[in-house]
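*Asks:* To start, I am sharing the structure in question, which I have written as structure tokens.
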Amino acid sequence: MTDPLAALRPWEAPEVTSWGRLPMNAVDRRPGALSLDGEWRFRLLPAPQAADGVPWSALHVPGAWTMQDTDDRPQYTNVTMPFGAFPPHAPAADPTGVHERDLDVPAEWAGRRIVLQVGAAESVLLVHVDGRPVGLSKDSHLAAEFDLTEVVRPGARSVLRLTVVKWSDASHIEDQDHWWHGGITRSVLLYATDPLHLADVTVRARRSGELRVDCAVRDRGGALPDGWYVSADLDGELLAQDAEFDRLNAEDDRGSDFLGEARVRTVVPGVRTWNAEQPELYGLTVRLHRADGSVADTSYHRVGFRDVEIAGRDLLVNGERVFVRGINRHDFHPLTGRTMSYDDMRADLVLLKRFGFNAVRTAHYPNDPAFYDLADELGLYVVDEADIESHDHAHEIADDPRYLNAFVDRVSRMVLRDKNHPSVIIWSLGNESDYGANHDAAAGWVRRHDPTRPLQYEGAAKRGWADPDVASDIACPMYAPLAECVAHALSGEQTKPLIQCEYSHAMGNSNGTLADHWAAIESTPGLQGGFIWEFWDHGILQRVSGGRPVGRAGAGLYDNGVAAPGHRWAYGGDFGEATHDGAFVADGMVFPDRTPKPALYEHRELAAPVRIRCFRHEGIVLANHQHFRGFDWLTATWELALADGRTLTGPAELPELCPGETAAVPLPFEVPADGGEAWLTLRVTTAGDQAWAPTGTEVCAPQIRLRAPVPAPAAVPGGPDVEVDGEGLLLHPLLAAAPTLSLWRAPTDNDELGGIAPRWRAWGLDSLVRKVVSVRRAHDRVTVLAEYAGTTGVVRHRQEFTAVEGGIRVDESAELPDRFDDVARVGSVFETVAGPELLEWFGQGPWESYPDRAAGAPVGHHSLPVDELFTPYLRPQESGGRHGVRRFTLSAPDAAGLAVELDEPRQVSVSRYRAEDLTAAAHHDELVPRAGCVVHIDAAHRGLGTASCGPDTLPSYLVAPGVHRWSWTLRTL
């Protein structure tokens, strides 16, 4: 028998968004639901209409089949569609997953309305019960509900079949920067209600305390029974149905035989408002009653009283202009792909709160419903984004009337589901889909249904950031150069808040100039923040042998961002796919196991609620950089780091400051007269348990210098003669390779994709040829002149080795020709013999830092094992650098070590890998650590920028041609 659903070929019919699917709503009915998660029977067909002769296997639902050891594996593309068919067509080879299980409906559900909810299916869902077609749905990231009352019998067994077609017309508008999967990726539920039920609930809670609850009521039998009514209570206080609303409806003849409308309204005195800093929530229970007073249906909601509005060029929350310290986030897990547990999502948001983020953009689709509950509870502003991205065919689809219904359907269903969450402050019409009539149609629906929130859409920027007639209330460009943002804000032409929907691309060793961005944002009216791209590195844990995803069994096979031996983090191309975009999927602020990257600490400090403004006389000036909260939830200790090696600590008392206020605070100690350079750090921690952090969690560590460096006394000449070989290379018992000139770093993702590394290679900086010009010896020093030839220029390098008391002073200079106008670094590189295991240094740390990403690494005395200095970015590249290092030691418990003193704060890195080792490797399992340490001391080091997708570093962080000078002293411990 021909299946009528399949006969429609809905996978190539963009006009068809659903059939038999219930309207989306915001009613909470999970309590009492029957979970259908677990093992299902499964077969994977090569195409939707292929002969169904494939044997059954087992598959876990929810879960993508691409992550569960099938022959259809994950594929990553950013822009290009993974198949060649033009919209609305799908390829002939179209993996189709048939999921089947027995369905036992509880006998006590007799006489009730029975509903199936499929949390998400990618990308077309066909539903059958006992072979009968029930419905179909599209939209891979929103739930679909179907009324099964007529096709199942309580107390009896049925067979539920969910068929998921992977590629479809819908795939062309789900072309997001993420792995492509197939399957049922969120939970499947069966629940029952009374035939008389709440069809929808809309909650509007204002900061004034005004609460309005609108209820839509239906009866599955058709006509509504007489006498029904609605009641509600808020934190136990009973509210009544709004009689005035009922009267006006009657006068306007708005009554209906099949749709009932009721409203509950009240004003809460002394209301506690909701915001991201203090997410105050009330419990609202809505009840639908029959005429005799018995309860037919109930829905529970957590209510936050808050207002969102735009005033001029400012976005206001509860009347306050707030900075949007945001991040983009996908639903992702390295073992399951898109499927996340409640605990997974909570861990994501807790981490974001601990590192100073107050906003999330759901890139690029509505997230799991639990995400919004958590954002309400923990306090995060959400830009809720519709499941629309037609990146590869954006221009064609934006005005294509065949896709009109899909645009409106996806945007409206998102709004209907999420409208009651106080965390959602902005609706987004999607991502990277050009701009056309389909967007305007969706925007019109939202503005009519929910006038309480602004809309944004980046694609509207093609008409200009200030155009008042586009479907975006916010100017939300992507990766706009900082200078352009500032110029727009100062132009006098700005009409909307400027909040970048994406900026500071976090691919590999990145997020350079983040501090410069926030310095401009916080000092320029009209600039209000943005959303870093993005939270996750989407590395999938993969067995190196066999190349398959490890799947759910892989827990414990990774730690601190590193995969266990025999495994690796896979990126585009690692599953044999011909069309892919490589490591571009690894562009997050955390590693795939949620281990923070160093850039996360940079953001934490830039978002610090407590700031030290300046040091004057015998005190400092503290500032409260929050919007709604004082310092009562915080406590602090002070830490004084002295250049002589001492670190002094003590308790600090934070003043009572309202948001935005500053106060002069005396130093709680007397700075020792000796000790040289002195730095004060204020370690700020939580004074009590927060929903997102236990007592004692560090929130920030603002720092200020109290005393400048004291010039070091001149080294006393003396000691053994300096020894060099015939090529003028230093001979030293602790060095396996003598110090030579280095202009090359293992290219970062920004270097490669930004076109910088190819230029370095063209100059020959990765393969400079050294030629000694002269070696001049004196009784206590040796001077070596050498030339380093690239393919297009020569660098003159001078080294002077001087014997000093206890060691050797090395004075160096390098003259770069004008054509070398932007090199990676200028400095020395040498290698130690085997033995050193511990690095101790005075400088910025403890985590990795670079010239344009150093605000989050305080100056102090730090120590780490050498093997922990390296940062395991998914594609090996330059990493592990420490900025502003004054001196360091490398030591071993049972061998001699070395100490290095620098003439001024320098960029230093210590690693087990040479730059060429990192350059040659595609994954970390290919790296073999060296026995000794590779040490770089840089006179100048190029900034990181974000040129893999966005602006490069600023000109002030480039390494210019000309003469560079530096010196350092090497001693034996």
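*Asks:* Answer with yes or no whether LEU316 is at pLDDT 95 or above and surrounded by fewer than 18 Cβ atoms within 10 Å (Cβ to Cβ).
*Replies:* yes
*Asks:* Within the range 711-730, work out how many residues are among the hydrophobic types (A, V, I, L, M, F, W, C) and either in the same structural domain as GLU618 (by TED's automatic domain parsing) or assigned to a strand (DSSP E or B) (or both).
*Replies:* First, the residues of the range 711-730 that are among the hydrophobic types (A, V, I, L, M, F, W, C): 712, 714-716, 722, 724, 729-730.
Narrowing the set further to residues that are either in the same structural domain as GLU618 (by TED's automatic domain parsing) or assigned to a strand (DSSP E or B) (or both) leaves 724, 730.
Adding up the residues that qualify gives 2.
*Asks:* Still on this structure, I have one more. What are the residue pairs meeting all of these: first residue in the range 149-165, first residue without any contact (Cβ under 8 Å) to a residue 24 or more places away in the chain, second residue surrounded by fewer than 18 Cβ atoms within 10 Å (Cβ to Cβ) and not in a strand (DSSP E or B), Cβ atoms under 8 Å, and 6 or more apart or on different chains?
*Replies:* VAL151/ASP130
*Asks:* Filter the range 670-690 down to residues that are under 13 Å from ALA641 (Cβ atoms), of a type in the set (A, V, I, L, M, F, W, C) and part of a loop (DSSP other than H, G, I, E, B), then give me how many there are. Break it down stepwise before answering.
*Replies:* At the first step, the residues of the range 670-690 found to be under 13 Å from ALA641 (Cβ atoms) are 671-672, 675-683.
This time we only want the ones that are of a type in the set (A, V, I, L, M, F, W, C), so: 671, 678-680, 682.
If we keep only those that are part of a loop (DSSP other than H, G, I, E, B) too, we end up with 671.
Going through the range 670-690 one residue at a time, the tally reaches 1.
*Asks:* A further question on this structure: Do you know which residues across the range 211-228 are in a strand (DSSP E or B) and either in the same structural domain as MET414 (by TED's automatic domain parsing) or at positive phi (or both)?
*Replies:* So in the range 211-228, the residues in a strand (DSSP E or B) come out as 211-219, 222.
Of everything in the range 211-228, just one residue is in a strand (DSSP E or B) and either in the same structural domain as MET414 (by TED's automatic domain parsing) or at positive phi (or both), namely GLY222.
*Asks:* Residues to consider are ALA50, ALA58; find the one that is out of contact with any Ser or Thr (no Cβ under 9 Å at 6 or more places or on another chain) and on the phi < 0 side of the Ramachandran plot.
*Replies:* Details: ALA50 fails: out of contact with any Ser or Thr (no Cβ under 9 Å at 6 or more places or on another chain).
It is ALA58.
*Asks:* Hey, another quick one. Can you confirm whether PHE591 is assigned by TED's automatic domain parsing to the domain that holds PHE355, touching a strand residue (DSSP E or B) at 6+ places or on another chain (Cβ under 6 Å) and closer than 23 Å to GLY881 by Cα?
*Replies:* yes
*Asks:* Follow-up question, since we're still on this one. Answer yes or no: is there a residue in the range 923-943 that is of a type in the set (Gly, Ala, Ser) and under 26 Å from the mean Cα position of the chain (by Cα). Walk me through it before giving the result.
*Replies:* Let us first name the residues in the range 923-943 that are of a type in the set (Gly, Ala, Ser), namely 931-932, 939-940, 943.
So of that shortlist, the ones also under 26 Å from the mean Cα position of the chain (by Cα) come out as 943.
For the range 923-943, residues of a type in the set (Gly, Ala, Ser) and under 26 Å from the mean Cα position of the chain (by Cα): present.
*Asks:* Next question. For the range 792-902, which fully contained strands (runs of 3 or more DSSP E) count at least 1 residues that are of a type in the set (Val, Ile, Thr)?
*Replies:* Values: elements: 794-804, 807-816, 825-832, 838-844, 859-865, 881-892.
Result: 794-804, 807-816, 825-832, 859-865, 881-892.
*Asks:* Further question on the same structure: May I ask you to say which residue of GLU677, GLU653 is surrounded by 13 or more Cβ atoms within 10 Å (Cβ to Cβ) and acidic (Asp, Glu)? Quick ask: steps written out before the conclusion?
*Replies:* Numbers: GLU653 fails: surrounded by 13 or more Cβ atoms within 10 Å (Cβ to Cβ).
Of GLU677, GLU653, the one residue that is surrounded by 13 or more Cβ atoms within 10 Å (Cβ to Cβ) and acidic (Asp, Glu) is GLU677.
*Asks:* Determine if the range 12-31 includes at least one residue that is assigned to a strand (DSSP E or B), of a type outside the set (Lys, Arg) and out of contact with any strand residue (DSSP E or B) (no Cβ under 6 Å at 6 or more places or on another chain). Steps first, please.
*Replies:* From the range 12-31, those assigned to a strand (DSSP E or B) are 18-19, 21; that's our starting set.
Subsequent filtering for residues that are of a type outside the set (Lys, Arg) retains 18-19.
If we keep only those that are out of contact with any strand residue (DSSP E or B) (no Cβ under 6 Å at 6 or more places or on another chain) as well, we get none.
Checking the range 12-31: not a single residue is assigned to a strand (DSSP E or B), of a type outside the set (Lys, Arg) and out of contact with any strand residue (DSSP E or B) (no Cβ under 6 Å at 6 or more places or on another chain).
*Asks:* In the list LEU622, LEU642, which residue meets the criterion of being buried (at least 20 other Cβ atoms within 10 Å of the Cβ), within 16 Å of ARG705 (Cα to Cα), touching a residue at least 40 places away in the same chain (Cβ under 8 Å) and out of contact with any His (no Cβ under 8 Å at 6 or more places or on another chain)? Talk me through it step by step, then tell me what you get.
*Replies:* Details: LEU642 fails: touching a residue at least 40 places away in the same chain (Cβ under 8 Å).
Of the residues listed, the single one that is buried (at least 20 other Cβ atoms within 10 Å of the Cβ), within 16 Å of ARG705 (Cα to Cα), touching a residue at least 40 places away in the same chain (Cβ under 8 Å) and out of contact with any His (no Cβ under 8 Å at 6 or more places or on another chain) is LEU622.
*Asks:* Sticking with this one: What are the pairs, 6+ residues apart or on separate chains, where a residue within the range 305-318 that is in a strand (DSSP E or B) has its Cβ under 9 Å from a residue that is hydroxyl-bearing (Ser, Thr, Tyr)?
*Replies:* PHE305/SER208; PHE305/THR273; PHE305/TYR282; VAL308/TYR381; VAL308/THR452; GLU309/THR452; VAL317/TYR381
*Asks:* Name the strands (runs of 3 or more DSSP E) wholly inside the range 66-122 in which the number of residues that are in contact (Cβ under 8 Å) with a residue 12 or more places away in the chain and surrounded by fewer than 20 Cβ atoms within 10 Å (Cβ to Cβ) is 3 or more.
*Replies:* Details: elements: 75-77, 96-104, 113-122.
By residue number, 96-104.
*Asks:* Among the residues of the range 176-185, are any over 30 Å from SER390 (Cβ atoms), assigned to a strand (DSSP E or B), under 30 Å from the mean Cα position of the chain (by Cα) and assigned by TED's automatic domain parsing to the domain that holds LYS138? Before you say what the answer is, go through the steps one by one.
*Replies:* Initially, the range 176-185 is screened for residues over 30 Å from SER390 (Cβ atoms), giving none.
Looking through the range 176-185, none of the residues is over 30 Å from SER390 (Cβ atoms), assigned to a strand (DSSP E or B), under 30 Å from the mean Cα position of the chain (by Cα) and assigned by TED's automatic domain parsing to the domain that holds LYS138.
*Asks:* Continuing with this model, one more query. What pairs can you find where one residue is in the range 904-930 and not assigned by TED's automatic domain parsing to the domain that holds PRO836 and crowded, with 17+ Cβ neighbours inside 10 Å, the other is part of a strand (DSSP E or B) and β-branched (Val, Ile, Thr), and their Cβ atoms are less than 9 Å apart, with a gap of 6+ or different chains?
*Replies:* Correct list of pairs: empty, since none qualify.
*Asks:* Among (1) farther than 17 Å from ASP387 by Cβ; (2) modelled with pLDDT of 95 or more; (3) aliphatic (A, V, I, L, M), where does ALA443 come up short?
*Replies:* For ALA443, the exception is condition (1).
*Asks:* Could you look through the range 334-381, keep only residues that are within 13 Å of the chain's Cα centre (by Cα) and in a strand (DSSP E or B), and pick out the one that is nearest to ALA608 (Cα to Cα)?
*Replies:* Looking at residues that are within 13 Å of the chain's Cα centre (by Cα) and in a strand (DSSP E or B), I get ALA359.
*Asks:* If you go through the range 229-255, how many residues are over 47 Å from the mean Cα position of the chain (by Cα) and either surrounded by 13 or more Cβ atoms within 10 Å (Cβ to Cβ) or part of a loop (DSSP other than H, G, I, E, B) (or both)?
*Replies:* Count: 3.
*Asks:* A follow-up question, please. Collect the residues in the range 279-296 that are under 28 Å from VAL350 (Cβ atoms) and surrounded by fewer than 14 Cβ atoms within 10 Å (Cβ to Cβ), keeping them in residue-number order.
*Replies:* In the first step, residues of the range 279-296 are kept if they are under 28 Å from VAL350 (Cβ atoms); the result is 279-285.
The answer is GLY283, and nothing else.
*Asks:* Also: Of everything in the range 133-144, what is charged (D, E, K, R) and either more than 33 Å from the chain's Cα centre (by Cα) or surrounded by fewer than 21 Cβ atoms within 10 Å (Cβ to Cβ) (or both)? Give them in sequence order.
*Replies:* Filtering the range 133-144 down to residues charged (D, E, K, R) leaves 138-139.
Result: no residue meets the conditions.
*Asks:* It is to be established whether one or more residues within the range 723-742 are in contact with a His (Cβ under 7 Å, 6 or more places away or on another chain) and small (Gly, Ala, Ser).
*Replies:* The initial filter retains those residues of the range 723-742 that are in contact with a His (Cβ under 7 Å, 6 or more places away or on another chain), namely 741-742.
Restricting the remaining residues to those that are small (Gly, Ala, Ser) gives 742.
So far as the range 723-742 goes, yes, one or more of its residues are in contact with a His (Cβ under 7 Å, 6 or more places away or on another chain) and small (Gly, Ala, Ser).
*Asks:* Scanning for something out of contact with any strand residue (DSSP E or B) (no Cβ under 7 Å at 6 or more places or on another chain) and farther than 30 Å from GLU670 by Cα, does the range 632-648 turn up at least one residue?
*Replies:* Step one: list which residues in the range 632-648 are out of contact with any strand residue (DSSP E or B) (no Cβ under 7 Å at 6 or more places or on another chain), which gives 632, 644, 646.
Retained after the next criterion (residues that are farther than 30 Å from GLU670 by Cα): none.
So far as the range 632-648 goes, no, none of its residues is out of contact with any strand residue (DSSP E or B) (no Cβ under 7 Å at 6 or more places or on another chain) and farther than 30 Å from GLU670 by Cα.
*Asks:* Give the residue that is nearest to ALA578 (Cα to Cα), with candidates limited to residues of the range 24-65 that are polar (S, T, N, Q) and either in contact (Cβ under 8 Å) with a residue 24 or more places away in the chain or outside the structural domain of THR163 (by TED's automatic domain parsing) (or both).
*Replies:* Applying the filter and picking the extreme gives GLN49.
*Asks:* Please work out if ASP214 is of a type in the set (Asp, Glu), touching a helix residue (DSSP H, G or I) at 6+ places or on another chain (Cβ under 9 Å) and at pLDDT 95 or above. Write out each step before concluding.
*Replies:* Details: of a type in the set (Asp, Glu): yes; touching a helix residue (DSSP H, G or I) at 6+ places or on another chain (Cβ under 9 Å): yes; at pLDDT 95 or above: yes.
Against the criterion (of a type in the set (Asp, Glu), touching a helix residue (DSSP H, G or I) at 6+ places or on another chain (Cβ under 9 Å) and at pLDDT 95 or above), ASP214 qualifies.
The values are calculated or read from the model by the stated rules, or taken from the named source; none is laboratory data. In this text the structure is predicted, and so the values were computed from the model without any measurement. Here the Cβ is made from the backbone with ideal geometry for all residues, glycine too, and neighbour counts use every protein chain on show.
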